[in-house]
Structures are given as C-alpha cells and as structure tokens.
Amino acid sequence: MAEEVGRLVAEGGAVLVCGGLGGVMEAACRGAKAAGGTTVGILPTSDRADANRYVDIAIPTGMGEARNALVVRAADVLIAVAGEFGTLSEIALALRTGTPVVGLATWELAKGGQPVDAIVRASTPGDAVAAALALAGV
C-alpha cells in the first residue's frame with residue numbers, strides 16, 4: 001500500500017515527506033521515486049547516511065522520535081498508512097496542529113470509549129492520495 005501511495009503522490013505532483021528510514025517510509029519513497037517524484041526524509045538520527053536509498057533530501061535531526069513533529073509540520077496533509085506508535089504520535093500531532101489526516105488501514109481513535117471521527121478514512125491508496133491532494137488544494 002505504501003509504495004502505491006508514494007507513486008500516486010509523485011504522479012499528483014506533490015513532494016513526499018516522511019521519516020526517511022525503512023519499512024512503510026522506504027516503500028513510500030520507492031514508489032515516489034519510481035514515478036519520478038521528489039522525496040524528503042526527516043531523520044531521527046544525526047547521520048544523513050541512515051536515510052533509505054530512495055530519499056533525495058535527507059535531513060538529519062538527532063532528535064529521535066521528536067522529529068515526528070517536524071515531519072508533521074512540513075506536511076500539508078498526513079497520510080497514515082497502517083503504522084505503529086510512531087504513526088500514532090504523528091496522527092496526534094497533526095490533529096493537534098490542524099494538519100488534515102487521511103488514514104489507510106491505520107489507527108482508530110476513541111475518547112472516553114466513544115469513536116472520534118478526526119481521520120479521513122480511505123480504503124485504497126488511490127482514495128487516500130485523492131483525498132490528501134484535495135485537502136491540500138492540489
């Protein structure tokens with residue numbers, strides 16, 4: 001899913017910004033690069049060489065997980081693809097700062113046991129990217 005999201009982001013003319021490491025981040029970058037897109041990796045470490053090989057612009061921060069705030073602030077829209085607790089922190093930071101979040105097979109939020117409908121849900125990578133580009137005004 002992440003690779004297709006990356007490809008579609010690039011085909012939509014947007015820059016892909018992510019945490020720059022492996023897993024979902026690498027797959028999204030790989031997809032974006034395959035479509036001729038530009039990728040930016042905001043790294044948790046101080047070493048630019050830690051970026052996955054599909055990152056065009058590596059930004060080493062030495063901030064650890066705190067770099068998630070930079071990823072969110074650099075984005076017009078966050079697309080959360082599946083994810084673990086780092087993704088959850090990015091979702092929370094995005095919602096807190098007013099950055100729209102599109103979710104693809106990702107976290108579901110609740111407060112006091114009641115669902116919170118703060119994430120735009122998408123069922124396919126195409127739907128996720130179309131929603132994100134629309135929210136970004138692209």
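The values are calculated or read from the model by the stated rules, or taken from the named source; none is laboratory data. Being a predicted model, the structure only gives us computed values, none of them experimental. Every residue, glycine as well, gets a Cβ built from its backbone with ideal geometry; the counts of neighbours run over all protein chains shown. These accessible areas exclude ligands, DNA and RNA; they are computed on the full protein's heavy atoms, side chains included. Shrake-Rupley method; radii C 1.70, N 1.55, O 1.52, S 1.80 Å.
Assorted remarks:
- Computing FRET efficiency as 1/(1 + (r/R0)^6) for ALA82 and SER46, where r is the C-beta to C-beta distance and R0 is 25 Å, gives about 0.35.
- Per residue, the convex hull spanned by the alpha carbons of region 1-63 comes to 57 Å³.
- Rounded to the nearest 20 debye, dipole of the chain from Cβ charges on Lys, Arg, Asp, Glu: 180
- Separation of alpha-carbon centers, region 53-109 and region 1-33, rounded to whole Å: 13
- Ligands, DNA and RNA left out, the 1.4 Å accessible surface of the chain is 54% carbon and sulfur atoms.
- Long-range HN-HN contacts of GLY23 with modeled amide H, under 5 Å: none
- Accessible solvent surface per residue of region 1-60, calculated while the other protein chains remain in place, 1.4 angstrom probe, Å²: 46
- Scanning the chain for GluC sites (Glu not before Pro) that sit in a DSSP loop and have at most 13 other Cβ atoms within 10 Å, the longest stretch containing none of them is 1-83.
- Among complete DSSP H helices in the chain, none has alpha-carbon atoms stretching at least 20 Å along the helix's long axis together with a mean Kyte-Doolittle hydropathy reaching -1.0.
- For region 37-54, Karplus couplings with θ = phi - 60° (6.51, -1.76, 1.60), whole Hz, Gly/Pro x: x, 10, 10, 10, x, 9, 8, x, 9, 9, 10, 4, 5, 6, 5, 5, 5, 9
- Within the listed set THR97, THR45, THR106, the residue fluctuating most in the Gaussian network model of the chain (springs between alpha-carbon atoms under 10 angstrom) is THR97.
- If you look at the Cα atoms of region 43-138, you get an Rg and a Dmax of 14.2, 43 Å.
- Within a Gaussian network of the chain (alpha carbon springs, distance under 10 Å), most fluctuating of LEU43, LEU93, LEU104: LEU93
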